[in-house]
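The values are calculated or read from the model by the stated rules, or taken from the named source; none is laboratory data. Because the structure is predicted, anything quoted here is derived from the model rather than measured. Methodologically, a virtual Cβ is constructed for each residue, glycine included, from the backbone with ideal geometry; neighbour enumeration extends over all protein chains shown.
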Amino acid sequence: MRTIDTVYIDGQFVTPHGEELFDLFNPATEEKIAQVRLGDAIDAKAAVAAAKRAFPAYSRTSKSERIALLRRLHDAVAARTDVLATAMIEEYGAPQSFVGFSASRAANLFLDMAQTLEAFEFSQTIGGAEVTLKPIGVVAAISPWNSNFGSICSKLATALAAGCTVVIKPSEMSAIQTQVLTEALHEAGLPAGVFNIVTGRGDVVGADLTSHPDIAKVTFTGSTAVGRSIMRAAAETMKRVTLELGGKGPNIILPDADLESAISTVIAVGFANSGQACVAGTRILAPRSRLPEILDRLKTAVAALKVGDSTDPSVNVGPMVSQKQWDRVQGYIQLGLEEGAELLVGGEGRPRGLDRGWFAQPTVFAGVNNDMRIAREEIFGPVLCVIPYDDEEEAISIANDTSYGLQAYVESVDVAHARQVAERLESGRVVINSAPHEPLAPFGGFKQSGIGRYGLEAHLEARAILG
C-alpha cells in the first residue's frame, strides 16, 4: 500500500500542513490501496500566495513563450500516458476504452490550447479605443473524480494560455492519478508558483479558495449543488466563475433513424465512463411507432455488455467509484420500480458472478414519463430511461423539459433534418449521429448545467484605453 504525503506549492513537493489521512480503494476489489494526507486551509493559502507572487511576471510573458510552455507540458504528460492509464484503472475503474481516450487527450489538451493561442489576438482597435484582453489573475481550478487528469489539464492549459497562474484543487478520491500527473507537470520546468496543486476536501480547501480575496476566478466541474455553493461564496468578492455542472442529456431517436447505428450510439453515450459522466445521454426519446423494435434491440444490446474489472480490455462497464456512489445508483433503481417504470434489463444488486466490487448492473427502464424522478434527476451511473413520443414536437418538448442542458444527442439518417432538430434543443452541445469530439468547440451548459464556457476568453478581462 502506498502513501501520498505531499502537495505541490511554489514549484516544490512539500508536506502539507493538514494532517487528515484519507483512504483510497480499488473500486473493483474494495481493497484499500493507498492513503493520502490532505491539505487544509493553510495549505490553500500558501498555494494562493505562491500563485499571486508568480502572477506579475507570468502575466507579462509573450504569446510565443506561453506556446512553448504549453508544448513542454504536452511532452511531459505524453511521456506518462501509460502510467496515468494504469493509475486511473486501479483507482477509478474506468473501462479501458475511456481510459485510453482520457490519457491521450490529457496531453493533447496542451497542444489544442497552443493551437488556439497561435491564432488569438489579445488587442484590437475599436473606434478610438485600444482594447486589450488581460489575464484575469489567480485562478482556482476545482476538478472532479470522474475525469481527474483530463479536467486538471484542461483547466491548467486554458489558464496558462491566458497568462493566469493557478491553484488546482483535485478530488481527494483521485490522489494517485493526481500524484502521477503532478510529477509529469513538474518535469516540464515551469516557473515556481505558476501552478500549484493541493489535494483536499471541498469543504476545506475548496471553500477557502472560493472565498479567498486573492482568487480572481473559480473554474469548477462537478455537481450542480456544489456549483450553487461556489457561486454564493464567490459573490462576496465578485469572483468570476465558470461552472460545468450536471446533466440529464436526451438522446432523440428520430423515426427515420437507422436503428442498428442509433442503438449502438445510445449504448456508447449512455454507458460511457460506466455511466459516471455528466454528458451521458440518459433519457432515450423513442418514437412510439418504432418503440417495440427499439426496446427489443436495447434489451439485447445492454444484456450483452460485459461488466467487470477494467484490467480486462473487453469490459464495457466498470465499477462505481465508491460504496457511496454504488448505494446512490441502487437507490435510483429501486426508486424507478417504485415509480412504476418497467424494468427492461438490469436491476438492483451486482451482476451475476461479481460478488465483490462496486459493480452495478447496466439498467434500462421502459414505460417512463418525463415527470418521474429517474427521468429528471442525475443518477450518475449505468441507468437509462426510455421515454416514448408521438411526434417531433413532443420529442423536442420532452427533451427541453429539464433543469439541465449540457449535452444532447440526435439520431437520424437525414443529417440536415437532424440539424434542424438540434437547433431547437436547449443544450450547450448537441451531437448528431455520434459525431467525433471537437476539442476546440466551446463546452458548457444551459440552465442548471452551468455558467459560461471553458475557453481562453473566460480567463481574460477587456481593458479599453482611450486617447
Run Ile126 past the list (1) farther than 26 Å from Ala79 by Cβ; (2) modelled with pLDDT of 95 or more and report the number of the one that doesn't hold.
(2)
Breaking point among (1) in contact with an Asp or Glu (Cβ under 8 Å, 6 or more places away or on another chain); (2) in a strand (DSSP E or B); (3) not small (Gly, Ala, Ser), for His17:
(2)
Looking across the range 38-80 at residues that are in contact with a Pro (Cβ under 8 Å, 6 or more places away or on another chain), part of a helix (DSSP H, G or I) and not aromatic (Phe, Trp, Tyr), the single one that is surrounded by the fewest Cβ atoms within 10 Å (Cβ to Cβ) is Ala57
Would you confirm whether or not the range 106-118 contains a residue that is on the phi < 0 side of the Ramachandran plot, surrounded by fewer than 24 Cβ atoms within 10 Å (Cβ to Cβ), not in a helix (DSSP H, G or I) and not charged (D, E, K, R)?
no
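For (1) in the same structural domain as Val198 (by TED's automatic domain parsing); (2) over 20 Å from the mean Cα position of the chain (by Cα); (3) farther than 19 Å from Val198 by Cα, each residue gets a yes or a no:
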position: His17; (1), (2), (3): yes, yes, no
position: Ala28; (1), (2), (3): yes, yes, yes
position: Leu38; (1), (2), (3): yes, yes, no
position: Met113; (1), (2), (3): yes, no, yes
Residue check, Gln407 against (1) among the polar types (S, T, N, Q); (2) more than 25 Å from the chain's Cα centre (by Cα); (3) closer than 26 Å to Ser322 by Cβ, all met but one. Which one?
(2)
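Please state which one of Gly340, Gly281, Gly346, Gly357 is farther than 22 Å from Gln407 by Cα, among the small types (Gly, Ala, Ser) and either out of contact with any Ser or Thr (no Cβ under 7 Å at 6 or more places or on another chain) or at pLDDT below 95 (or both).
Gly340
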Within the range 319-339, can one find any residue that is closer than 17 Å to Asn273 by Cα and touching a strand residue (DSSP E or B) at 6+ places or on another chain (Cβ under 6 Å)?
no
Filtering the range 168-219 down to residues that are basic (Lys, Arg) and closer than 27 Å to Glu461 by Cβ, which residue is surrounded by the most Cβ atoms within 10 Å (Cβ to Cβ)?
Lys169
Considering only the range 179-206, how many residues are part of a helix (DSSP H, G or I) and either outside the structural domain of Asp40 (by TED's automatic domain parsing) or touching a residue at least 60 places away in the same chain (Cβ under 8 Å) (or both)?
13
Out of Glu338, Glu342, sole residue that is without any contact (Cβ under 8 Å) to a residue 12 or more places away in the chain and more than 30 Å from Glu31 (Cβ to Cβ)
Glu338
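Looking only at the range 221-241, which residues are part of a loop (DSSP other than H, G, I, E, B) and within 21 Å of Phe446 (Cβ to Cβ)?
Narrowing the range 221-241 to residues part of a loop (DSSP other than H, G, I, E, B): 222-223, 236-239.
Once the filter is applied, which keeps residues that are part of a loop (DSSP other than H, G, I, E, B) and within 21 Å of Phe446 (Cβ to Cβ), the range 221-241 yields Gly222, Ser223.
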Conditions: (1) modelled with pLDDT of 95 or more; (2) in contact with a helix residue (DSSP H, G or I) (Cβ under 7 Å, 6 or more places away or on another chain); (3) over 15 Å from Val167 (Cβ atoms). Asn196 meets all but one. Number of the miss?
(3)
Please find, within the range 358-379, the residue that is nearest to Ser322 (Cα to Cα) out of those that are in contact with a Cys (Cβ under 8 Å, 6 or more places away or on another chain) and not aliphatic (A, V, I, L, M).
Glu378
Kindly establish whether Pro287 is under 24 Å from Thr29 (Cα atoms) and either in contact (Cβ under 8 Å) with a residue 40 or more places away in the chain or not assigned by TED's automatic domain parsing to the domain that holds Pro388 (or both).
no
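Go through the range 415-467 and count every residue that is assigned to a strand (DSSP E or B) and at negative phi. Give the derivation first.
Initially, the range 415-467 is screened for residues assigned to a strand (DSSP E or B), giving 429-432, 443, 450-451, 454, 460-466.
Keeping just the survivors that are at negative phi gives 429-432, 443, 451, 454, 460-466.
The qualifying residues number 14.
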